[in-house]
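Novice: My questions all concern the structure below.
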Amino acid sequence: MIDRSPTAAKVEQLAEGVFGYVQPDGSWFINNCGFVAAGDHSVLIDTCATERRTRALLAAAEATAGPVTTLVNTHHHSDHTNGNYLVGGATIIGQRKTRDAMLAAGIETYEGALVGNDWGHLELRAPDVVFDESLTVHAGATVIELRHPGHAAHTTNDVLAWLPEQRVLFAGDLVFNGGSPFALMGSVAGWRKALDVIRELDPAVILPGHGGPCGLETVDVVDAYLAFVQRTAERGKAAGLSPLQLAKETDLGEFSGLSEQERLAGNFHRAYAELDGAEWGAPIDLVAAITDMVAYNGAPIRCFS
């Protein structure tokens, strides 16, 4: 049995003064975070989906690198932002569209589609400081370069937190390690282009949004999966199949070992929209896509957060 409890999370040193907070098994709403020591305080990368998990994260960050005074959100999804309110007086930084998306959606729990989450008490807190393309944060002697890829990818507001001297990349959900990539709220094509940005950085260590620390070989797996989605969507659309019909008859082949396979149906919704000429990240019917994901799964999707 996999221990997915908050106590299973581990602090892993990625470089001197740089740490990953890795939560097994990286499935729905169980994300990774990170923190960088900045003297007597720390800079945190993302929070968690639930109150309990975020409190455990903050305790680990303080014990390892000092109390959190700055928080960076890598995108707006609730598994990376629900715990923002618990950072107290810390300044929260995010891409401009991260703040906009959080304020527009509020706290989302996806009742009826996703079940099993132990949310605890949650309050919405969006970023205080926003940027469009890039921003540099100094964590003591460590430089953290925040970069938006310039277009939609996993979402419309993804942020890479790049430490050039240590060659450590906090990739947010632009990289999944062991889980199926999820492009429903972003762009399949745009995500593939964003992966080239990661390749150009040439990180020595990547902390993905979900799954263990990895290298560029995992970026190649994400890219190959997204290319597979594009090719399969082209054939399915030409055959007149709905995204759900296509998902049900698709053999995942080399990607059959990835978890959260129901994301395939949602990814086809996005890929179909792009085949119809939709701009990267353009709004689509999220309810219809999530409904198809549940239908593909055969039941509400089980979460363990």
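Novice: Relative to the longest principal Cα axis of the chain, at what angle does helix 188-201 sit, 0 to 90 degrees, rounded to 10?
Specialist: So the inclination is approximately 40 degrees.
Novice: Given contacts defined as C-alpha pairs under 8 Å and at least six residues apart, what's the relative contact order of the range 137-215, whole-number percent? Mind dumping the intermediate values first?
Specialist: Numbers: 149 pairs, mean separation 24.3, N = 79.
Here the relative contact order equals 31 percent.
Novice: Calculated FRET efficiency, L286 and E217, Cβ-Cβ r, R0 25 Å, to nearest 0.05?
Specialist: Values: r = 32 Å, r/R0 = 1.26.
In this case the efficiency is close to 0.20.
Novice: Tell me, rounded to the nearest percent, the portion of alpha carbon pairs in the range 140-224 spaced more than 19 Å apart. Display every interim value, and only then the final one.
Specialist: On the way: 1043 of 3570 pairs.
More than 19 Å apart: 29 percent of the Cα pairs in the range 140-224.
Novice: Note down the net charge around K97, summing +1 for each Lys or Arg and -1 for each Asp or Glu among other residues with Cβ under 10 Å from its Cβ. Don't skip to the answer; put the middle values down first.
Specialist: Numbers: positive: R96, R99; negative: D100, D132, D158.
In short, -1.
Novice: I would also like to ask the following. Select from the range 232-270 those GluC sites (Glu not before Pro) which occupy a DSSP coil region and have at most 12 other Cβ atoms within 10 Å, ordered by residue number.
Specialist: none
Novice: Let me ask something else. With a cut-off of 20 Å, note down the residues of the range 268-284 whose backbone N falls inside the zone around a label point 7 Å from the Cα of Y110 toward its beta carbon.
Specialist: Residues 268-273, 281-284 fall inside that zone.
Novice: In whole Å, what is the distance between the alpha-carbon centres of the range 50-69 and the range 171-245?
Specialist: That distance is 30 Å.
Novice: So if the hydrodynamic radius of the range 58-172 is defined as the Kirkwood radius over C-alpha pairs, what does Stokes-Einstein give as its diffusion coefficient at 37 °C and 0.692 mPa s, in µm² per second? The partial results should precede the final answer.
Specialist: Details: Rh = 15.1 Å.
Answer, rounded: 217 µm²/s.
Novice: For the range 56-116, which GluC sites (Glu not before Pro) pass both filters: DSSP loop (anything but H, G, I, E, B) and at most 14 other C-beta atoms within 10 Å?
Specialist: Working: sites: E62, E108, E111; in loops: E108, E111.
For GluC sites (Glu not before Pro) across the range 56-116 that sit outside H, G, I, E and B with at most 14 neighbouring Cβ atoms in 10 Å, the list reads E108, E111.
Novice: Give a residue-ordered list of calculated ³J(HN,Hα) values for the range 69-84 (Karplus: 6.51 cos²θ - 1.76 cosθ + 1.60, θ = phi - 60°; whole Hz; x for Gly, Pro).
Specialist: Here the 3J(HN,Hα) series is 10, 9, 10, 10, 9, 7, 4, 8, 4, 5, 5, 10, 9, 4, x, 3 Hz.
Novice: Relative to the longest principal axis of the C-alpha atoms of the chain, give the angle of the C-alpha long axis of helix 96-105, reported between 0 and 90° and rounded to the nearest 10°.
Specialist: Its long axis makes an angle of about 70 degrees.
Novice: Let me ask another. Could you sort the peptides 1-13, 78-90, 135-147 by per-residue average Cβ neighbour count (10 Å cutoff), highest mean leading? Present the calculation step by step, with values, prior to reporting the outcome.
Specialist: Details: 1-13: 13.1, 78-90: 21.8, 135-147: 17.2.
Output ranking for 1-13, 78-90, 135-147: 78-90, 135-147, 1-13.
Novice: Here is a further query. What does the charge count near I107 come to, summing +1 for each Lys or Arg and -1 for each Asp or Glu among other residues with Cβ under 14 Å from its Cβ? Mind dumping the intermediate values first?
Specialist: Values: positive: R125; negative: E51, D79, E108, E111, E123.
That works out to -4.
Novice: Please compute the net charge surrounding R270, taking Lys and Arg as +1 and Asp and Glu as -1 over other residues with Cβ under 13 Å from its Cβ. Mind dumping the intermediate values first?
Specialist: Details: positive: R192, K237, R263; negative: E274, D276, E279, D285, D292.
Net local charge, R270 excluded: -2.
Novice: Another one. Give me the lysines in straight-line cross-link reach of K248: C-alpha distance below 24 Å, same-chain residues under 8 apart excluded.
Specialist: Cα-Cα hits under 24 Å: K237.
Novice: Still on this structure, I have one more. Relative contact order (percent) for the chain, with alpha-carbon contacts under 8 angstrom and 6 or more residues of separation? Mind dumping the intermediate values first?
Specialist: Values: 684 pairs, mean separation 53.4, N = 305.
So the answer I get is 18 percent.
Novice: In Å³ and rounded to a whole number, note down the convex hull volume per residue for the Cα atoms of the range 10-97.
Specialist: Numbers: hull volume 7.6 nm³, N = 88.
Taking the convex hull of the Cα positions in the range 10-97, it is 87 Å³ per residue.
Novice: Then there's this: Between T155, T70, T91, find the one with the highest GNM mean-square fluctuation for the chain; connect C-alpha pairs within less than 10 Å.
Specialist: Ranking T155, T70, T91 by mean-square fluctuation puts T91 first.
Novice: Right, another one. Normalising by the residue count of the range 192-305, find the relative contact order in percent from Cα pairs under 8 Å and 6+ residues apart.
Specialist: 22
Novice: Can you list the equivalent-ellipsoid semi-axes of the chain, largest first and in whole Å, using the square root of 5 times each Cα gyration tensor eigenvalue?
Specialist: On the way: eigenvalues 185, 83, 64 Å².
Equivalent ellipsoid of the chain: 30, 20, 18 Å, largest first.
Every number here is computed from the coordinates shown, using simple stated rules; none is lab data. From a predicted model like this one, the values you see are computed outputs, not experimental measurements. FYI the Cβ positions are ideal-geometry reconstructions off the backbone, even for glycines, and counts take in every protein chain you see.
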